[in-house]
Each structure stands twice: as C-alpha cells, then as structure tokens.
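Each remark here refers to the structure printed beneath this line.
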Ligand SMILES: [Zn+2]
C-alpha cells in the first residue's frame, strides 16, 4: 500500500481532472502539476496538456485562477487573516478556467486558528475550487483537516533515491539533445534500473519537462517545446505501462522508439 492513500488512488493516475478531488495534501513539485491539471482544458485528452493557454499561463505563473498562499515575509506562520482572504476569494467563480486552484505553501505552517478557518472552507467547498496543501509534514496538520484531503505521496523513498532519479532525468534530457546514439545507450541503462528507481526516474523526468519548458521560454535550451510536450506524454504512457507491471525493457524500448529522430 506504499504510496496509496485510503481511497486506493496512487500518485500517477490521479491526474484526471474528471476525478479531481477538492483537496489534496502533497509534497514537492506535484503541487504545481496538480494546479495545472485543475485549470487545463486538456488538448488531446491528457492533463496537464502543456499546450493550452491555461497551461501556458500556469507555467509562467500568471494564471488568474491559480492562487498561491505563503507565509508573509514578516511572519513565522500562515495567519488566519490570510485564510479569511482566501475564503472571500473562493466563492467568486473562476476568471478563465473551469476551476480555481489554491496552493497553500508549507501548509503545516498554518497556525491553529488558520487551520480551523480553513476547515470551515473544506467542510463546504465550492464545486469550482481545488485546494492543494503543500507540505513535507502532513502529520503537523489538524486531523480534521487531514481527513478531508486526499494525500498523494510519491511511491519511492526520498533522499538517495531522489538524487539518483534526478541525475538520471538530467542525463535523459542531455541524451535527448545529443541524438539517437546517446539516447539508445541511455535506454540500455534505463532498463537495468531497479523498479523503484525507475518509478522515481519517471517522476523526476516529468519535473524536468516542466523546468525545461520554462527554459525554452527564455530561449536558453536546445530542445523544442514540441519535443518536450511529446516527451511528457511518452513519460505518462511509460508510467501507465509501469503501473501495469510491463517489463522495464519493453517500457524503455517504447520510450526510445517514440523519441528517436529521423536522421537524414
Ligand atoms: Zn492544458
């Protein structure tokens, strides 16, 4: 049951906006992805599609329907006034998207009165609202708040596994830039990974897609936006195959075949 919440929903398959819950507790980069899922119009059926105007604005942190609540610079906690502001805002219908997403950074830094105010919102959440509580420490939240949220955990142990996976993800994008021979050599290494490292690699690679997409906007990367969005779709498919216990050799082969460039 590692990485599964009480509803039996694992991390990866929850990116379907038709099944979006109204509140999540997540760690790390997943919060941003989830907020994109909430506003995305789903070009081609996958969310976040990375292609629609909503995804574009979300990536540039200018989507009017994504609000981030963080500790004020002079405060050690998220205070109740901030949650009261949120409460006023949340009843207003979305500006552009079908949903409004609220990311609460370091959600465990909400003090008790802030959490109680937040609980009132969670008890009767407007249909268009999605709350994303970002925290590495969910046990610090009130049990009443926690029980109303779906907890999404990464399936792997953090730390050493994470850094190995991030290194692989960075090498993956380097191989993507360097062309077929490097890519094929990389895939042979990929298929020899432990299953849990492979799973961590897929998550890390998807986070790298987001980072690289930002870099393409500032023009300092050689991979095109089209290649990145296509790569993300391939990674999603690889994750689905992995969930179905397809062997790593087959999955690596699929990734490789889908990414090989026609070299003239
Ligand atoms: Zn989109």
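What follows is calculated from the coordinates using simple rules that are stated; it is not laboratory data. Treat the numbers as computed from the prediction; the structure is a model and nothing was measured. Here Cβ is always computed from backbone atoms with ideal geometry, including for glycine, and neighbour counts include all displayed protein chains.
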* Structure fact -> The distance between the Cα centres of segment 77-149 and segment 182-219, in whole Å, is 32
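As a test, work out the antiparallel percent of DSSP beta bridges whose residues both lie in the chain, rounded to the nearest 5. Intermediate results must be reported in sequence, preceding the final value.
Working: 0 of 17 bridges.
Among the beta bridges of the chain, antiparallel pairing accounts for roughly 0 percent.
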* Asked: In nm, to one decimal, how far is the modelled label at residue 85 from the one at residue 27, with both set 7 Å along Cα→Cβ?
  -> 2.9
* Asked: In percent, how large is the relative contact order of the chain, given Cα pairs closer than 8 Å and 6 or more residues apart?
  -> 21
* Asked: Which length gain, in nm to one decimal place, applies between residue 139 and residue 53 when the Cα-Cα distance is subtracted from 0.36 nm times their residue separation?
  -> 27.3 nm
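For every helix of n ≥ 4 consecutive DSSP H residues, a contribution of -39,500 (n - 2.57) applies; sum these over the chain, divide by its total residues, and give [θ] at 222 nm rounded to the nearest 500 deg cm²/dmol. Working shown, then result.
Details: 10 runs with 128 residues, N = 264.
Result for the chain, helices only: -15500 deg cm²/dmol.
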* Ranked list, fewest to most other Cβ atoms within 10 Å of each Cβ, for 199, 113 -> 113, 199
* Cα→Cβ-extended label distance, 7 Å offset, between residue 257 and residue 127, nm -> 4.3
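Would you mind ranking 63, 128 by Cβ crowding within 10 Å, fewest neighbours first?
Values: 63 24, 128 18.
Least crowded to most crowded, the residues run 128, 63.
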* Structure fact -> Taking a ≥ b ≥ c as the square roots of the eigenvalues of the Cα gyration tensor, with a/c under 1.5 meaning rounded and otherwise prolate when a/b exceeds b/c and oblate if not, the chain is prolate
* Fewest-first sequence of 223, 62, 83 by Cβ atoms within 10 Å of each Cβ -> 62, 223, 83
